[in-house]
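Asks: Pasting a structure below so you can have a look.
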Amino acid sequence: MAKDKKKKEEEKPKKSGLQAFLKKRAPFYLAAVALIVISAQSVLSEKNFENSLPELSGEEQMVLDTLLNYNAGVESKLSVKEVIKNQIDEEYPDENIYRHKKTVLDLSAINVNLDEYNVILNFKSYKGEMNFDWNVNVETNTITPNNPESKHVIDVVTFS
């Protein structure tokens, strides 16, 4: 009879240690994975100046890149993009304004003639607006400001 009990115990499949371990702790691991996914999503979807710019067609994107990367020569330390970002950061120092639902960044690039485009960048938020207007010559890579705010940006780039 004692042998029969031993045989029955031996015939019973034993749970592996790993299965028992995971079964007890599965909710904790699932919660940890969910927290990692949520935090990674917030980091990956971070709203900033570059992410807020609308998508443009190939030629318009080339004009925008020419404008935003303009740095007035080798001596300049700043580009147009950095100056605009700095102006926005100075206006909204303690917040990520790009996450605000009333923040809109409009951009248009209109072909004026063969080599010249008119680029208008409007930044609108709950506090007000910043309007920038330039003419960009893609052949000569020259930027001509059309309003005082745009001229200030070009002056900062040129004299930095």
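The values are calculated or read from the model by the stated rules, or taken from the named source; none is laboratory data. Predicted model only: the values in this text are computed from it and were never measured. Glycine also receives a Cβ, built like all others from the backbone with ideal geometry; neighbour counts cover every protein chain displayed. What goes into the accessible areas is simple: the full protein's heavy atoms, side chains included, and nothing from ligands, DNA or RNA. Shrake-Rupley method; radii C 1.70, N 1.55, O 1.52, S 1.80 Å.
Asks: Limited to the stretch 121-141, what total is found for residues that are open to solvent by 50 Å² or more (accessible area, probe 1.4 Å) and touching an Asp or Glu at 6+ places or on another chain (Cβ under 9 Å)?
Replies: Step one: of the stretch 121-141, the residues open to solvent by 50 Å² or more (accessible area, probe 1.4 Å) are 124, 126-127, 129, 131, 139-141.
Filter once more, so that each one left must be touching an Asp or Glu at 6+ places or on another chain (Cβ under 9 Å): 124, 127, 131, 139-140.
Summing the residues that are open to solvent by 50 Å² or more (accessible area, probe 1.4 Å) and touching an Asp or Glu at 6+ places or on another chain (Cβ under 9 Å) in the stretch 121-141 gives 5.
Asks: Tally time: how many residues in the stretch 60-72 are touching a residue at least 24 places away in the same chain (Cβ under 8 Å) and acidic (D, E)?
Replies: The first filter runs over the stretch 60-72 and keeps only residues touching a residue at least 24 places away in the same chain (Cβ under 8 Å), leaving 60, 62-64, 66-67, 70-72.
Restricting the remaining residues to those that are acidic (D, E) gives 60.
Of the residues in that region, 1 qualify.
Asks: Determine which single condition K102 fails, assuming it passes every other condition in (1) out of contact with any Leu (no Cβ under 9 Å at 6 or more places or on another chain); (2) not in a loop (DSSP other than H, G, I, E, B).
Replies: Evaluating K102 over (1) out of contact with any Leu (no Cβ under 9 Å at 6 or more places or on another chain); (2) not in a loop (DSSP other than H, G, I, E, B) leaves (2) as the failure.
Asks: So which of N96, N131, N147, N122 ends up being modelled with pLDDT of 90 or more, more than 15 Å from Y70 (Cβ to Cβ) and within 18 Å of the chain's Cα centre (by Cα)? Don't jump to the end; show me each part of the working.
Replies: On the way: N96 fails: modelled with pLDDT of 90 or more; N131 fails: within 18 Å of the chain's Cα centre (by Cα); N147 fails: within 18 Å of the chain's Cα centre (by Cα).
After ruling out the rest, the residue left standing is N122.
Asks: I would also like to ask the following. Are any residues in the stretch 148-158 open to solvent by less than 40 Å² (accessible area, probe 1.4 Å) and either in a loop (DSSP other than H, G, I, E, B) or of a type outside the set (S, T, N, Q) (or both), and if so, which ones?
Replies: Matches in the stretch 148-158: V153, I154, V157.
Asks: Has the stretch 88-109 got any residue that is closer than 21 Å to L56 by Cβ, crowded, with 16+ Cβ neighbours inside 10 Å and free of Cβ contacts under 8 Å to residues at least 24 places away in the same chain?
Replies: No, the stretch 88-109 contains no residue that is closer than 21 Å to L56 by Cβ, crowded, with 16+ Cβ neighbours inside 10 Å and free of Cβ contacts under 8 Å to residues at least 24 places away in the same chain.
Asks: As an exercise: evaluate Y70 against (1) over 15 Å from the mean Cα position of the chain (by Cα); (2) assigned to a helix (DSSP H, G or I); (3) among the aromatic types (F, W, Y) and give the number of the one condition it does not meet.
Replies: (2)
Asks: Then there is this: Is there a residue being in the same structural domain as G58 (by the TED database), under 21 Å from E55 (Cα atoms), assigned to a loop (DSSP other than H, G, I, E, B) and of a type in the set (A, V, I, L, M) anywhere in the stretch 79-94?
Replies: no
Asks: Follow-up question, since we're still on this one. Report, by residue number, each residue of the stretch 110-120 that is surrounded by 15 or more Cβ atoms within 10 Å (Cβ to Cβ) and either among the hydrophobic types (A, V, I, L, M, F, W, C) or on the phi > 0 side of the Ramachandran plot (or both). Give the derivation first.
Replies: Just the residues of the stretch 110-120 that are surrounded by 15 or more Cβ atoms within 10 Å (Cβ to Cβ), to begin with: 116-120.
Correct list: V119, I120.
Asks: Would you mind telling me which numbered condition in (1) farther than 22 Å from N86 by Cβ; (2) assigned to a loop (DSSP other than H, G, I, E, B); (3) of a type outside the set (G, A, S); (4) under 26 Å from the mean Cα position of the chain (by Cα) Y117 fails?
Replies: Every condition holds for Y117 apart from (2).
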